[in-house]
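Written below as structure tokens is the structure these notes are about.
The values are calculated or read from the model by the stated rules, or taken from the named source; none is laboratory data. Please read these numbers as outputs of a predicted model, since none were measured by experiment. Backbone-built Cβ (ideal geometry, glycine too); neighbour counts: all protein chains shown. These accessible areas exclude ligands, DNA and RNA; they are computed on the full protein's heavy atoms, side chains included. Shrake-Rupley method; radii C 1.70, N 1.55, O 1.52, S 1.80 Å.
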Amino acid sequence: MDKKLLKKLRLLYVEDDAVVRNELHELLSDFFDKVFVAKDGQEGLDVYHENKDEIDVILTDINMPHLNGIDMLKKIRKDSKKIPVFITTAHSDNDLLAKAIKLKVYEYIIKPVDVRYLLNEMNELANVLYQDSLLRKQNKELEEYKRVIDASSIVVKCDEHMKISYVNELFCQTTGFNETELLGQDFKVIKHPDMSDEVYTKMYSQVLSNNSWHGVLKNLTKEHKTFTTDCYIIPMLNDIGEITGAISIQRDITDEVNKKRNIQLSLMKDKS
């Protein structure tokens with residue numbers, strides 16, 4: 001059992017039996033970051049609403065005064081469909097079990113509670129929640145990377161036939177075309193006449209063979225102005241590894257190319 005994972009979680013524990021509640025509360029406090037305690041369903045509901053942003057998991061008895069565990073959970077589910085819930089009960093009641101399943105209870109535990117079993121099950125849950133948090137963090141980072149790339153680079157996506165399926169705003173600003181004019185067009189729709197078709201043939205063959213391509217492209221805007229890009233193209237794959245298209249990230253290097261050309265012309269002039 002990974003105690004570090006459990007220590008990341010905060011628990012709401014609801015139990016009407018004072019002896020059981022105090023003993024289990026003391027034990028659980030050693031394993032969880034924080035344990036909120038309530039003596040019946042109504043108090044449990046109140047504690048949940050007061051601290052719902054801090055509670056990661058709920059452990060509750062079913063048979064309690066004022067509001068039983070099932071009815072408490074029904075009210076909580078109106079606020080949160082996903083918070084994991086462990087239910088404890090002294091009886092194996094099929095009707096209660098059916099209700100618990102409908103309310104998406106994570107685990108149904110018969111009293112007296114086997115603490116080792118409970119902690120092992122909660123540890124598995126802690127691992128699932130930790131993996132979910134990592135995934136959310138990675139997705140957030142990917143969204144941030146996408147935002148940065150979209151702001152600084154020309155982005156083009158193509159289908160498996162190298163027909164354009166997406167262009168970002170910077171592409172439209174650079175070329176003067178709008179998205180509607182470009183969707184469905186061949187990737188080389190803005191190819192400059194000076195660029196050889198052979199370059200694109202090699203590019204398509206390489207990318208559609210599941211290899212990346214890198215090179216410099218000379219292009220034309222809608223107003224027939226020239227611009228040059230440093231281009232990376234990588235294939236896009238589905239879950240079973242089939243190529244579904246390609247994505248191109250391009251950096252406008254027109255100014256760099258022009259400066260280099262001007263320097264070369266100046267050097268040639270000086271030599272002459």
Restricting to the stretch 8-28, what's the tally of residues that are open to solvent by less than 90 Å² (accessible area, probe 1.4 Å) and within 19 Å of residue 129 (Cβ to Cβ)?
-> 6
Of all residues in the stretch 184-238, count the ones that are in contact with a Phe, Trp or Tyr (Cβ under 7 Å, 6 or more places away or on another chain), aliphatic (A, V, I, L, M) and in a strand (DSSP E or B).
-> 1
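For (1) of a type in the set (Gly, Ala, Ser); (2) modelled with pLDDT of 95 or more; (3) in contact with a Leu (Cβ under 8 Å, 6 or more places away or on another chain); (4) under 30 Å from residue 29 (Cα atoms), each residue gets a yes or a no:
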| residue | (1), (2), (3), (4) |
| --- | --- |
| 127 | no, no, yes, yes |
| 131 | no, no, no, yes |
| 137 | no, no, no, yes |
| 140 | no, no, no, no |
| 168 | no, no, no, no |
| 188 | no, no, no, no |
| 196 | yes, no, no, no |
Please give the strands (runs of 3 or more DSSP E) falling wholly within the stretch 34-102 in which 1 or more residues are out of contact with any His (no Cβ under 8 Å at 6 or more places or on another chain) and touching a residue at least 40 places away in the same chain (Cβ under 8 Å).
-> 57-61, 85-89
Go through the stretch 121-166 residue by residue and tally those that are among the hydrophobic types (A, V, I, L, M, F, W, C), open to solvent by less than 60 Å² (accessible area, probe 1.4 Å), closer than 30 Å to residue 217 by Cα and in a helix (DSSP H, G or I).
-> 0
Restricting the search to the stretch 147-166, which residues are under 15 Å from residue 232 (Cα atoms) and of a type outside the set (Ser, Thr, Tyr)?
-> 149, 150, 154, 155, 156, 157, 158, 162
